[in-house]
Amino acid sequence: MKMKRRLPQTSIEFLDLKVSVVGNSLQTDLHRKSTATNSLLHFSSFHPHHLKNGIPTGQFIRVRRNCSTLGDFRRNAGDLTQRFRDRGYPKKSISRAFQRARDSQRENLLQPKQRTKEPRYGIITTFNNQWNDIRCILNRNWNILLAEPKLGHLISEQPCLIAKRAKNLKDRLVSSHYQKPKRSLMRGIKLTGSHACGECSICPLMRTKKEIVDSTNQKTFKLREFINCKSRNVVYALICPCQKLYVGQTTQELRKRVQQHLSSITNAESHFNQGKVLSTVATHFRRAHAGFYKQR
Ligand SMILES: [Zn+2]
Ligand SMILES: [Zn+2]
């Protein structure tokens, strides 16, 4: 890598600006690195029309703002025009943008823009082929909603259409093993603890808890992850109605494991009579609770 240090006496470049000392004052000009490429969005790119037409306007205004003199502006504008032509922009849209910038008062352009703080409502969708049709339908028919007696006073001015970028070729062709973490509806609030899944037979037995206290009431274990009936690879605690605690682990879904416990309790007596070895949980229920479990 080559590093270059330049310390000129009368001018200095900073970002896209070249500041020079002329007489007793400072003058600014547009600065482009010699290695800069034409990175303007191509006109054939799949973007809303108003966005592509807005780019020349914004760029010419920027050049006008950065150049102290009209001569510098014209020189840089010529270069910019060529770059827009190379990227397929129509002459009309380029010359309109050029004229607008040329006729602007530079002093006004240097003032920070006052933004209105009124909330604007927008419909946000991915940009698509029907974009203009949707916009036309909205323009044509919004007044129907406004004229509606019950609805009219509840809705405000027509919402603007906001385009999200559609998938491009890179998105479609190149896949990454890295999965971007999905933004949850909880907006950064991580749901932890044990919860019923809401759709299985052991839900009524599932306790919503953030921590487990051991049977001697001395140690508290915080549940740092989110667990429900369908979680796998968990360490779980069965709390008996007599407050005894059984701690187990499973690689299966928790509900499957709990169902096995329940059936071992139900069949405890007959298994015992057949001389089979009973599980700890089944043995406890057989001895202490006559083989029944009650749903709390
Ligand atoms: Zn469940
Ligand atoms: Zn018990």
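With the condition kept exactly as written, say whether any residue in the stretch 104-116 is of a type outside the set (Ser, Thr, Tyr), touching a Cys at 6+ places or on another chain (Cβ under 7 Å) and under 18 Å from LEU30 (Cα atoms). Even if it seems obvious, please write down each step before you answer.
Start the filter on the stretch 104-116 by keeping residues that are of a type outside the set (Ser, Thr, Tyr), which leaves 105-115.
Those left that are additionally touching a Cys at 6+ places or on another chain (Cβ under 7 Å): none.
No, the conditions are met nowhere in the stretch 104-116.
Please count how many residues of the stretch 28-64 are over 34 Å from the mean Cα position of the chain (by Cα) and either in a helix (DSSP H, G or I) or closer than 28 Å to ARG165 by Cα (or both).
So the count comes out to 1.
Given the conditions (1) away from ligand 2 (no atom under 16 Å from the Cβ); (2) in contact with a Gly (Cβ under 8 Å, 6 or more places away or on another chain), which single one is not true for ILE265?
Of everything listed in (1) away from ligand 2 (no atom under 16 Å from the Cβ); (2) in contact with a Gly (Cβ under 8 Å, 6 or more places away or on another chain), ILE265 misses just condition (1).
Quick check: anything in the stretch 130-140 in a loop (DSSP other than H, G, I, E, B), out of contact with any strand residue (DSSP E or B) (no Cβ under 6 Å at 6 or more places or on another chain) and at pLDDT 90 or above?
Going residue by residue through the stretch 130-140, those that are in a loop (DSSP other than H, G, I, E, B) are 130.
Next, from what is left, pick out any that are out of contact with any strand residue (DSSP E or B) (no Cβ under 6 Å at 6 or more places or on another chain): 130.
Filter again for at pLDDT 90 or above, leaving 130.
Yes: one or more hits.
Pick from LYS117, LYS150: which is charged (D, E, K, R), over 29 Å from the mean Cα position of the chain (by Cα) and either assigned to a loop (DSSP other than H, G, I, E, B) or not assigned by TED's automatic domain parsing to the domain that holds SER44 (or both)? Step through it out loud before you land on a result.
Working: LYS117 fails: over 29 Å from the mean Cα position of the chain (by Cα).
Residue meeting the stated conditions: LYS150.
Which members of the stretch 13-31 meet the condition of being exposed (fewer than 15 other Cβ atoms within 10 Å of the Cβ), out of contact with any helix residue (DSSP H, G or I) (no Cβ under 8 Å at 6 or more places or on another chain) and not small (Gly, Ala, Ser)?
PHE14, LEU15, VAL21, VAL22, ASN24, LEU26 - these are the residues of the stretch 13-31 that are exposed (fewer than 15 other Cβ atoms within 10 Å of the Cβ), out of contact with any helix residue (DSSP H, G or I) (no Cβ under 8 Å at 6 or more places or on another chain) and not small (Gly, Ala, Ser).
For every residue, the table says whether it meets (1) more than 15 Å from ligand 1 (Cβ to nearest atom); (2) within 20 Å of THR192 (Cβ to Cβ); (3) touching a residue at least 12 places away in the same chain (Cβ under 8 Å).
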| position | (1), (2), (3) |
| --- | --- |
| ILE227 | no, yes, yes |
| ASN233 | yes, yes, yes |
| TYR246 | yes, no, yes |
| LEU254 | no, yes, yes |
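State all residues of the stretch 66-95 that are closer than 20 Å to SER39 by Cβ, part of a helix (DSSP H, G or I) and out of contact with any strand residue (DSSP E or B) (no Cβ under 7 Å at 6 or more places or on another chain); if no residue qualifies, say none.
In the first step, residues of the stretch 66-95 are kept if they are closer than 20 Å to SER39 by Cβ; the result is 66, 76-90, 93-94.
Now drop any that are not part of a helix (DSSP H, G or I), which leaves 66, 76-86, 93-94.
Matches in the stretch 66-95: ALA77, GLY78, ASP79, LEU80, THR81, GLN82, ARG83, PHE84, ARG85, ASP86, SER93, ILE94.
Please indicate, with yes or no, whether at least one residue in the stretch 51-73 is under 30 Å from ASN128 (Cβ atoms) and of a type in the set (Phe, Trp, Tyr).
Within the stretch 51-73, one or more residues are under 30 Å from ASN128 (Cβ atoms) and of a type in the set (Phe, Trp, Tyr).
Would you check if there is a residue in the stretch 49-67 being assigned by TED's automatic domain parsing to the domain that holds LEU15, surrounded by fewer than 17 Cβ atoms within 10 Å (Cβ to Cβ) and in contact with an Asp or Glu (Cβ under 9 Å, 6 or more places away or on another chain)?
Checked the stretch 49-67: at least one residue is assigned by TED's automatic domain parsing to the domain that holds LEU15, surrounded by fewer than 17 Cβ atoms within 10 Å (Cβ to Cβ) and in contact with an Asp or Glu (Cβ under 9 Å, 6 or more places away or on another chain).
Any idea which residue in the stretch 237-252 is farthest from VAL281 (Cα to Cα), counting only those that are more than 16 Å from ligand 2 (Cβ to nearest atom) and surrounded by 10 or more Cβ atoms within 10 Å (Cβ to Cβ)? Show your work before the answer.
Of the stretch 237-252, the ones more than 16 Å from ligand 2 (Cβ to nearest atom) are 249-252.
In the following step, the residues that additionally are surrounded by 10 or more Cβ atoms within 10 Å (Cβ to Cβ) were identified as 250, 252.
Numbers: THR250: 15, GLN252: 18 Å.
Of everything passing the filter in the stretch 237-252, GLN252 is farthest from VAL281 (Cα to Cα).
How do the pairs read when you match residues in the stretch 200-214 that are within 16 Å of ligand 2 (Cβ to nearest atom) with residues anywhere that are small (Gly, Ala, Ser), using Cβ under 7 Å and keeping only pairs 6 or more apart or on different chains?
Here the result reads ARG207/SER194, each pair linking the stretch 200-214 to a residue that is small (Gly, Ala, Ser).
The values are calculated or read from the model by the stated rules, or taken from the named source; none is laboratory data. No experiment lies behind these values; they were computed from the predicted model shown. Note that each Cβ is placed from the backbone with ideal geometry, even for glycine, and that neighbours are counted across all protein chains shown.
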